[in-house]
Amino acid sequence: SCSVTCGRVSFALGLHGPCASYDTACSASLVASHGSVRALQRSECDAALSAGVNMILDPAAMAGNAVAGFTSVRGRSHTFDARADGYARGEAVDAVASRCAVDAPVLRVWMVGSAIRQDGRSASLTAPNGQAQQGVLSASLADACLEVSEVAMLEAHGTGTALGDPIETGSLVGAVLSARHEALAVGSIKANIGHAEPAAGMAGLLEL
């Protein structure tokens with residue numbers, strides 16, 4: 001089970017801080033990273049390790065996603081593209097070791113804020129909620145004490161679906177672009193490596 005796997009990492013490395021497994025689908029590794037940030041801020045540990053893993057080992061899961069219409073018939077994630085017809089599954093093993101910066105140069109502070117949210121009510125279980133997305137963007141900026149004008153790049157979820165991408169684009173416009181006068185670079189690593197599912201969020205975080 002995921003709980004045993006997570007505990008095994010702490011056992012092997014001799015770690016004594018908070019230890020938890022997160023099962024939140026595509027956001028799991030980012031939620032784990034959020035947990036690390038909060039644990040560090042509350043002095044529950046002086047260093048934290050967050051990781052996400054996705055290995056495609058079960059053909060049945062691949063077939064199920066295809067039958068449900070989630071995956072692209074072209075085998076690519078065409079993020080924010082007219083060809084978007086679903087996502088391409090990808091594998092990833094990623095990890096981030098973090099600690100609070102003390103009198104560190106600004107360039108070394110690579111993560112200054114974090115926020116998580118849930119869609120709540122939406123059109124369906126898999127349909128995103130644009131208002132909720134705007135809320136999490138605004139909350140993350142507030143937690144980082146940043147103005148939208150200070151954002152240089154945005155790494156989007158960007159699965160490459162005809163349903164999700166337009167909603168996410170609208171959320172970006174509402175929460176970020178509407179308050180800016182400069183252009184903003186927006187991308188998604190999924191267009192290059194596919195959708196790593198529970199490891200996808202951290203892959204995008206590392207790309208930044």
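Taking the Cβ-Cβ separation of Ala183 and Ala82 as r and a Förster radius of 25 Å, what is the calculated FRET efficiency to the nearest 0.05?
On the way: r = 21 Å, r/R0 = 0.83.
For Ala183 and Ala82, the calculated efficiency is 0.75.
Express in Å², to the nearest 10, the accessible area of Arg38 obtained by rolling a 1.4 Å probe over the protein heavy atoms while all chains stay in place.
Spelled out: Arg38, probe radius 1.4 Å, area about 50 Å².
Just how far, in whole angstrom, is the stretch 147-185 from the stretch 1-47 if you go by their alpha carbon centroids?
Value for the Cα centre distance between the two parts: 29 Å.
Probe radius 1.4 Å, ligands and nucleic acids ignored: give me the carbon and sulfur share of the accessible area of the stretch 59-173 as a rounded percent. Spell out each step's value before the answer.
Numbers: 4110 of 7130 Å².
Its accessible area is 58 percent carbon and sulfur atoms.
From the phi of every residue in the stretch 186-197, what ³J(HN,Hα) in whole Hz does the Karplus formula 6.51 cos²θ - 1.76 cosθ + 1.60 yield, where θ is phi - 60° and glycine or proline is x?
10, x, 8, 5, 4, 5, 9, 10, x, 9, 7, 6
Considering only protein heavy atoms, what per residue accessible area in square angstrom results for the chain with a 1.4 angstrom probe?
Working: 12430 Å² over 208 residues.
Per-residue accessible area for the chain comes out at 60 Å².
Hey, what did the stretch 1-114 get for relative contact order, percent, Cα under 8 Å, at least 6 apart? Numbers along the way, then the final one.
On the way: 119 pairs, mean separation 26.3, N = 114.
Relative contact order of the stretch 1-114: 23 percent.
So between Ala132 and Glu207, what do we pick up on full extension, going 0.36 nm a residue minus the alpha carbon distance?
Details: separation 75, 0.36 × 75 = 27.00 nm, distance 2.42 nm.
Stretched fully, the Ala132-Glu207 segment lengthens by 24.6 nm.
Go through the stretch 167-172 residue by residue and turn each phi into a ³J(HN,Hα) via Karplus (6.51, -1.76, 1.60, θ = phi - 60°); whole Hz please, and just put x for glycine and proline.
Values per residue, Gly and Pro as x: 5, 5, 4, x, 5, 5 Hz.
Find the eigenvalues of the gyration tensor of the Cα atoms of the stretch 113-208, then list the square roots of 5 times those eigenvalues as equivalent ellipsoid semi-axes, largest first, in whole angstrom. Could the numbers behind the result be given before it?
On the way: eigenvalues 79, 57, 36 Å².
Square roots of five times the eigenvalues give 20, 17, 13 Å.
Sorted by mean Cβ packing within 10 Å, highest first, what order do the peptides 171-181, 192-202, 129-139, 52-62 take? Provide the component values of the computation, followed by the final result.
Working: 171-181: 15.9, 192-202: 24.1, 129-139: 17.9, 52-62: 13.5.
So the peptides 171-181, 192-202, 129-139, 52-62, ranked by packing, come out 192-202, 129-139, 171-181, 52-62.
What does the net charge come to around Leu205 if you take all other residues with beta carbon closer than 12 Å to its beta carbon, with K and R at +1 and D and E at -1? Before the final figure, lay out each step's value.
Details: positive: none; negative: Asp94, Glu155, Glu207.
Net of charged neighbours comes to -3.
Averaging sequence separations of C-alpha pairs under 8 Å and six or more residues apart, then dividing by the length of the chain, give the relative contact order as a whole percent. Before the final figure, lay out the partial values.
Numbers: 337 pairs, mean separation 56.8, N = 208.
Taking the mean separation of contacting Cα pairs over the length of the chain, I get 27 percent.
The values are calculated or read from the model by the stated rules, or taken from the named source; none is laboratory data. The structure displayed is predicted, hence computed values, not measured ones. Glycine also receives a Cβ, built like all others from the backbone with ideal geometry; neighbour counts cover every protein chain displayed. Just so you know, the surface numbers come from the protein's heavy atoms only, side chains and all, with ligands and any DNA or RNA stripped out. Shrake-Rupley method; radii C 1.70, N 1.55, O 1.52, S 1.80 Å.
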